[in-house]
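Notes to accompany the following structure.
The values are calculated or read from the model by the stated rules, or taken from the named source; none is laboratory data. Everything quoted here is computed from the prediction, not taken from an experiment. Cβ atoms come from the backbone with ideal geometry, glycine included; neighbour counts cover every protein chain shown. We work out accessible area using only protein heavy atoms, side chains counted, and drop any ligands, DNA or RNA first. Shrake-Rupley method; radii C 1.70, N 1.55, O 1.52, S 1.80 Å.
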Amino acid sequence: MRGKNPIRGQDTDSKKIYLEKIFYTIQGEGPFSGYPAIFVRLSGCNLKCYFCDTAFEDFNYNLGVEEIIDMINSINKHKAKLIVITGGEPFRQNITPLVDKLINLGFKVQIETNGTLFLALPWSKDLTIVCSPKTISLNQNLIPYINYYKYIIQADYVSSCDGLPEYNSQMTSASSRIARPCDNFNKDNIYVLPMDEFDEIKNERNIAACVSVSLKYGYKFNLQIHKYAKIE
Ligand code: SF4
(Lines give C-alpha, C1' and ligand atoms only; values in the text may rest on other atoms or scores of the structure.)
Protein backbone atom coordinates (compact mmCIF):
# COMPACT_ATOMS: atom_id res chain seq x y z
CA MET A 1 0.00 0.00 0.00
CA ARG A 2 3.11 2.24 0.28
CA GLY A 3 1.51 4.36 3.02
CA LYS A 4 -1.58 5.12 0.90
CA ASN A 5 -4.09 3.14 2.96
CA PRO A 6 -6.53 4.61 5.47
CA ILE A 7 -5.76 3.89 9.12
CA ARG A 8 -8.40 1.51 10.44
CA GLY A 9 -8.99 0.99 14.14
CA GLN A 10 -9.64 -2.23 16.03
CA ASP A 11 -13.17 -3.61 15.65
CA THR A 12 -13.67 -6.81 17.57
CA ASP A 13 -17.47 -6.72 17.95
CA SER A 14 -18.36 -8.33 14.64
CA LYS A 15 -18.68 -12.11 14.40
CA LYS A 16 -17.56 -11.92 10.78
CA ILE A 17 -14.10 -11.16 9.47
CA TYR A 18 -13.12 -9.07 6.47
CA LEU A 19 -10.68 -10.90 4.23
CA GLU A 20 -8.67 -10.13 1.14
CA LYS A 21 -8.03 -13.73 0.18
CA ILE A 22 -7.12 -17.23 1.23
CA PHE A 23 -4.40 -18.96 -0.75
CA TYR A 24 -1.98 -21.87 -0.68
CA THR A 25 1.73 -21.09 -1.00
CA ILE A 26 5.10 -21.45 0.71
CA GLN A 27 5.82 -19.36 3.76
CA GLY A 28 8.67 -17.17 2.57
CA GLU A 29 10.05 -15.69 5.78
CA GLY A 30 10.40 -16.11 9.51
CA PRO A 31 10.47 -19.28 11.61
CA PHE A 32 8.35 -21.34 9.21
CA SER A 33 10.20 -20.22 6.11
CA GLY A 34 9.93 -22.93 3.45
CA TYR A 35 6.81 -24.58 4.87
CA PRO A 36 3.78 -25.04 2.62
CA ALA A 37 0.98 -23.06 4.23
CA ILE A 38 -2.49 -21.70 3.77
CA PHE A 39 -2.42 -17.92 4.05
CA VAL A 40 -5.46 -16.06 5.35
CA ARG A 41 -4.93 -12.42 4.50
CA LEU A 42 -7.21 -10.10 6.46
CA SER A 43 -8.31 -6.65 5.37
CA GLY A 44 -7.25 -3.28 6.75
CA CYS A 45 -4.42 -2.06 8.94
CA ASN A 46 -4.08 0.33 11.87
CA LEU A 47 -0.78 1.65 10.49
CA LYS A 48 0.27 3.00 7.11
CA CYS A 49 3.93 2.21 6.58
CA TYR A 50 5.63 3.96 3.67
CA PHE A 51 7.41 0.76 2.65
CA CYS A 52 4.40 -1.57 2.88
CA ASP A 53 4.29 -3.87 -0.14
CA THR A 54 1.02 -5.64 0.67
CA ALA A 55 -2.46 -5.00 -0.74
CA PHE A 56 -5.10 -5.29 1.99
CA GLU A 57 -7.79 -2.72 1.19
CA ASP A 58 -10.13 -4.65 -1.12
CA PHE A 59 -12.33 -6.17 1.62
CA ASN A 60 -13.29 -8.97 -0.76
CA TYR A 61 -15.08 -11.21 1.75
CA ASN A 62 -16.93 -10.82 5.03
CA LEU A 63 -17.12 -14.32 6.47
CA GLY A 64 -17.92 -16.23 9.64
CA VAL A 65 -15.59 -18.85 11.09
CA GLU A 66 -17.28 -21.84 9.44
CA GLU A 67 -17.21 -20.16 6.05
CA ILE A 68 -13.49 -19.46 6.42
CA ILE A 69 -12.84 -23.06 7.45
CA ASP A 70 -14.77 -24.23 4.38
CA MET A 71 -12.63 -22.04 2.14
CA ILE A 72 -9.45 -23.35 3.77
CA ASN A 73 -10.58 -26.95 3.37
CA SER A 74 -11.55 -26.40 -0.26
CA ILE A 75 -8.01 -25.38 -1.22
CA ASN A 76 -6.09 -27.55 1.24
CA LYS A 77 -5.76 -30.50 -1.13
CA HIS A 78 -2.26 -31.34 0.07
CA LYS A 79 -3.13 -31.23 3.76
CA ALA A 80 -0.94 -28.31 4.80
CA LYS A 81 -0.70 -28.18 8.58
CA LEU A 82 0.24 -24.52 8.86
CA ILE A 83 -2.22 -21.63 8.65
CA VAL A 84 -0.70 -18.15 8.48
CA ILE A 85 -3.04 -15.34 9.52
CA THR A 86 -1.71 -12.09 8.20
CA GLY A 87 -2.89 -8.75 6.89
CA GLY A 88 -3.11 -5.86 7.10
CA GLU A 89 -3.18 -6.24 10.85
CA PRO A 90 -4.90 -9.42 12.08
CA PHE A 91 -5.43 -8.22 15.66
CA ARG A 92 -7.70 -5.49 14.30
CA GLN A 93 -10.57 -7.97 13.99
CA ASN A 94 -12.04 -10.63 16.25
CA ILE A 95 -9.94 -13.62 15.20
CA THR A 96 -10.16 -15.44 18.54
CA PRO A 97 -12.94 -17.89 17.49
CA LEU A 98 -11.15 -18.60 14.20
CA VAL A 99 -7.82 -19.32 15.89
CA ASP A 100 -9.57 -21.47 18.48
CA LYS A 101 -11.30 -23.51 15.79
CA LEU A 102 -8.15 -23.95 13.69
CA ILE A 103 -6.16 -25.22 16.67
CA ASN A 104 -8.96 -27.59 17.62
CA LEU A 105 -8.89 -28.94 14.07
CA GLY A 106 -5.20 -29.77 14.51
CA PHE A 107 -3.62 -26.89 12.57
CA LYS A 108 -0.60 -24.92 13.64
CA VAL A 109 -1.38 -21.22 13.45
CA GLN A 110 1.08 -18.41 12.87
CA ILE A 111 -0.09 -14.84 13.29
CA GLU A 112 1.92 -12.02 11.76
CA THR A 113 1.37 -8.75 13.58
CA ASN A 114 2.82 -5.27 13.97
CA GLY A 115 2.41 -5.76 17.73
CA THR A 116 0.34 -2.66 18.53
CA LEU A 117 -3.00 -4.35 19.32
CA PHE A 118 -4.12 -7.15 21.62
CA LEU A 119 -6.78 -9.85 21.76
CA ALA A 120 -7.08 -12.74 24.17
CA LEU A 121 -6.25 -15.77 22.04
CA PRO A 122 -6.11 -19.49 22.86
CA TRP A 123 -2.39 -19.34 23.67
CA SER A 124 -0.76 -22.70 23.14
CA LYS A 125 2.26 -24.37 21.57
CA ASP A 126 0.28 -24.54 18.33
CA LEU A 127 -0.03 -20.76 18.13
CA THR A 128 3.01 -18.74 17.11
CA ILE A 129 3.08 -14.96 17.27
CA VAL A 130 5.56 -13.30 14.92
CA CYS A 131 5.85 -9.59 15.52
CA SER A 132 7.36 -7.19 13.02
CA PRO A 133 7.52 -3.91 14.97
CA LYS A 134 6.85 -0.72 13.06
CA THR A 135 6.33 1.70 15.96
CA ILE A 136 8.31 2.96 18.93
CA SER A 137 6.28 0.89 21.40
CA LEU A 138 4.27 -2.32 21.38
CA ASN A 139 1.10 -3.37 23.14
CA GLN A 140 2.20 -4.30 26.67
CA ASN A 141 -0.38 -7.12 26.92
CA LEU A 142 0.90 -8.77 23.76
CA ILE A 143 4.62 -8.65 24.52
CA PRO A 144 4.71 -11.79 26.74
CA TYR A 145 3.16 -13.84 23.93
CA ILE A 146 5.51 -12.80 21.14
CA ASN A 147 7.57 -15.82 20.04
CA TYR A 148 9.61 -14.20 17.27
CA TYR A 149 10.54 -10.74 16.10
CA LYS A 150 11.17 -9.75 12.49
CA TYR A 151 12.89 -6.49 11.62
CA ILE A 152 12.96 -4.92 8.17
CA ILE A 153 16.41 -3.44 7.60
CA GLN A 154 16.89 -0.30 5.50
CA ALA A 155 20.56 0.55 4.97
CA ASP A 156 20.52 4.19 6.06
CA TYR A 157 18.34 3.66 9.12
CA VAL A 158 20.22 1.15 11.25
CA SER A 159 21.10 1.80 14.88
CA SER A 160 24.81 1.87 15.62
CA CYS A 161 23.97 0.47 19.09
CA ASP A 162 22.12 -2.72 18.24
CA GLY A 163 21.82 -2.94 14.45
CA LEU A 164 18.02 -2.72 14.51
CA PRO A 165 15.93 -0.13 12.65
CA GLU A 166 15.80 3.54 13.37
CA TYR A 167 13.22 4.85 10.93
CA ASN A 168 9.77 6.26 11.23
CA SER A 169 7.65 3.73 9.36
CA GLN A 170 4.82 6.23 9.07
CA MET A 171 6.92 8.98 7.52
CA THR A 172 9.64 8.68 4.89
CA SER A 173 13.06 10.05 5.79
CA ALA A 174 12.30 10.62 9.47
CA SER A 175 13.86 8.44 12.12
CA SER A 176 12.71 7.03 15.41
CA ARG A 177 13.68 4.00 17.41
CA ILE A 178 11.44 1.07 16.52
CA ALA A 179 10.39 -1.07 19.52
CA ARG A 180 12.94 -3.69 20.58
CA PRO A 181 12.51 -7.08 22.27
CA CYS A 182 13.24 -7.07 25.99
CA ASP A 183 16.90 -7.50 26.92
CA ASN A 184 16.65 -11.19 27.80
CA PHE A 185 14.77 -12.17 24.62
CA ASN A 186 16.48 -15.07 22.81
CA LYS A 187 18.47 -13.63 19.88
CA ASP A 188 17.90 -16.86 17.95
CA ASN A 189 14.30 -15.73 17.64
CA ILE A 190 15.08 -12.34 16.11
CA TYR A 191 15.09 -12.20 12.32
CA VAL A 192 16.43 -9.42 10.13
CA LEU A 193 15.21 -9.03 6.55
CA PRO A 194 16.29 -6.50 3.93
CA MET A 195 13.67 -3.93 2.98
CA ASP A 196 12.45 -4.32 -0.61
CA GLU A 197 12.45 -0.84 -2.12
CA PHE A 198 11.82 -2.01 -5.69
CA ASP A 199 15.15 -0.47 -6.63
CA GLU A 200 18.07 -2.77 -7.40
CA ILE A 201 20.78 -0.53 -5.98
CA LYS A 202 18.90 0.28 -2.78
CA ASN A 203 18.00 -3.37 -2.33
CA GLU A 204 21.65 -4.43 -2.64
CA ARG A 205 22.58 -1.93 0.07
CA ASN A 206 19.74 -3.18 2.26
CA ILE A 207 20.89 -6.79 1.85
CA ALA A 208 24.47 -5.81 2.70
CA ALA A 209 23.28 -3.90 5.80
CA CYS A 210 21.19 -6.88 6.83
CA VAL A 211 24.13 -9.29 6.47
CA SER A 212 26.28 -6.89 8.44
CA VAL A 213 23.93 -6.57 11.44
CA SER A 214 23.33 -10.32 11.43
CA LEU A 215 27.07 -11.05 11.60
CA LYS A 216 27.73 -8.34 14.17
CA TYR A 217 24.81 -8.90 16.55
CA GLY A 218 23.82 -12.52 15.97
CA TYR A 219 20.32 -12.00 14.54
CA LYS A 220 19.05 -14.53 12.00
CA PHE A 221 19.48 -13.34 8.43
CA ASN A 222 16.36 -14.00 6.42
CA LEU A 223 15.31 -13.36 2.82
CA GLN A 224 11.75 -13.23 1.56
CA ILE A 225 12.18 -16.40 -0.46
CA HIS A 226 8.71 -16.17 -2.01
CA LYS A 227 9.91 -13.11 -3.95
CA TYR A 228 12.88 -15.03 -5.37
CA ALA A 229 10.64 -17.96 -6.21
CA LYS A 230 8.15 -15.50 -7.77
CA ILE A 231 5.26 -16.88 -5.80
CA GLU A 232 2.73 -15.06 -3.70
S1 SF4 B 1 1.88 -2.71 9.69
FE2 SF4 B 1 2.43 -4.15 8.08
S3 SF4 B 1 0.55 -4.42 6.84
FE4 SF4 B 1 0.28 -2.55 8.10
S5 SF4 B 1 0.93 -0.88 6.76
FE6 SF4 B 1 2.72 -1.50 8.03
S7 SF4 B 1 3.82 -3.00 6.76
FE8 SF4 B 1 1.75 -2.77 5.88
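At a probe radius of 1.4 angstrom, the accessible area of the chain per residue rounds to 48 square angstrom. Within the listed set Ile83, Ile75, Ile207, the residue fluctuating most in the Gaussian network model of the chain (springs between alpha-carbon atoms under 10 angstrom) is Ile75. Here the alpha carbons of the chain define both size measures, Rg and Dmax, at 17.1, 49 Å. Counted over segment 170-215 with a bin width of 10 Å, the fraction of Cα pairs per bin, in whole percents, is 21, 43, 32, 4.
Does segment 107-154 classify as rounded, prolate or oblate by the C-alpha gyration tensor (a ≥ b ≥ c root eigenvalues; a/c under 1.5 gives rounded; else a/b over b/c gives prolate, otherwise oblate)? Taking the square roots of the gyration eigenvalues as a ≥ b ≥ c, segment 107-154 is oblate. Cysteine residues of the chain whose C-beta has no other cysteine C-beta under 4.7 angstrom: Cys45, Cys131, Cys161, Cys182, Cys210. Of all segments of the chain bounded by trypsin sites (Lys or Arg not before Pro) found in a DSSP loop with no more than 16 other C-beta atoms within 10 Å, the longest spans 126-229. Normalising by residue count, segment 1-120 has a Cα convex hull of 100 Å³ per residue. Using the alpha-carbon centroid of each, what span in Å lies between segment 120-164 and segment 53-78? Using only Cα atoms to place each centre, the spacing works out to 25 Å. Using a cut-off of 27 Å between Cα atoms, the listed pairs Lys79/Lys230; Lys21/Lys216; Lys48/Lys108; Lys15/Lys48; Lys48/Lys216; Lys125/Lys150 include Lys21/Lys216; Lys48/Lys108; Lys48/Lys216 as exceeding that distance. Apolar share of the accessible surface for segment 17-228: 51 percent from carbon plus sulfur atoms, 1.4 Å probe. Under the simplified labelling scheme, the Leu105-Asp188 pair shows an inter-label distance of 3.2 nm, with each label point 7 Å from Cα along Cα→Cβ.
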